[in-house]
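Read-outs: derived from the displayed coordinates by stated rules, not from any lab. In this text the structure is predicted, and so the values were computed from the model without any measurement. Here the Cβ is made from the backbone with ideal geometry for all residues, glycine too, and neighbour counts use every protein chain on show.
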Ligand code: PMP
């Protein structure tokens, strides 16, 4: 495959755009460098780049594109919305329709607010939880990503009862001091942190199913215990469902797992591919927010007609019977096929999968913790990533990012993908 036009454009990009990309995860830094492929067109499960190469896409824009690229129903909704004005700054009926659809799918959303990104949504849930509890600290779990606001760019201290340290330059130490980070799926560490900081803890923030060090499910009873311990401490529970909502069922992971948070943050899928975030939850907690309460949150673009109508169209598409069974069927076909190839070529790799989301980790042990995900073989992944790209498969350039299957992928696409995996594994096994 030739990537000359991509390389030419990226050279220009480097002149004008910091680092050549508008989000660090798009660079190929983690896979040994090189110019990231510049895509020109998306159609269903496929991408076409500026050199004319075609790819089967498993990035799905890091999650939102569950209905595939340029889905006709969503495209039509966006076109129609654009024709009647793209931004009002006044209420619209679409906000109400969409809020009602979300509430029907996710009953814990007694009240909801729309914002513009997952980052904003999470950031605001924390503010609301602090306002409601009159406490400042939060507990979060290592390896879970919650956007790029100061408070959640904080890494673990050296023990479960230690305060955090900034994970990014520019995050004040004083902010990091408000965050305690404990290992996911480790209820003892969580208990210890709650006992230690007790009446200072406003909320615990968690991805109910982890999407950010690969797909990692909660251990049986983990989320229930988090709820019980947090609530008996007077702390709130915030779910970050930016990745998980509508990913595994028509609703939140909370609905699939039968656990209920006090507040939830959303983004990604619910915008049908347009910028969006949302947060919501218990009415008495949400009443902290202006104009009813004293916790301030606002947004010029919040609830804009385009994002609302794209979101409504997306929900209409995925509400059809069979969506998640179909994603599961294709996911199983991909998982089983890759597992056979792992065995055939003796590749040190293992898969976590839930429905249409899957992670292939280059390690032989089952991954259930952030530490294990971190310890997987990044060099082997980097080689695999480049081989797959040359086979016409677009993955995220990160060793534990998920592969997302869309409703536009077909069994034939999975078969093609397995041929690409086989060709790549052959190469890897030759030079192991
Ligand atoms: N929470 C989670 C779980 C995420 O995965 C992300 C983005 N990957 C965010 C929050 C931030 O969302 P956004 O990029 O829309 O700000």
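Worth a mention:
- Percentage relative contact order, region 7-68, counting C-alpha pairs under 8 Å, at least six apart: 19
- Rounded to 5, the percent of DSSP beta bridges in region 42-190 classed as antiparallel: 65
- Residue order for 137, 79, fewest other beta carbons within 10 angstrom first, comes to 79, 137.
- Helix-only [θ]222 nm of the chain, DSSP H runs n ≥ 4, -39500 (n - 2.57) each, per residue, nearest 500: -11500 deg cm²/dmol
- Fewest-first ranking of 430, 380, 59, 205, using other Cβ atoms within 10 Å as the exposure measure: 430, 380, 59, 205
- Burial ordering of 119, 97, fewest other beta-carbon atoms within 10 Å first: 97, 119
- Rounded if a/c under 1.5, otherwise prolate or oblate - region 67-170, Cα gyration tensor axes: prolate
- Gyration tensor (alpha-carbon) shape descriptor, region 1-156, a/c threshold 1.5: oblate
- Mean separation of Cα pairs under 8 Å and 6 or more residues apart, divided by the residue count, gives region 209-311 a relative contact order of 19 percent.
- Seen through its C-alpha gyration tensor, with square-root eigenvalues sorted a ≥ b ≥ c, region 281-373 comes out prolate because a/c lies at 1.5 or above while a/b is bigger than b/c.
- Mean separation of Cα contacts under 8 Å, 6 or more apart, over the residue count of the chain: relative contact order %: 21
- Counted over the chain, the DSSP beta bridges are approximately 60% antiparallel.
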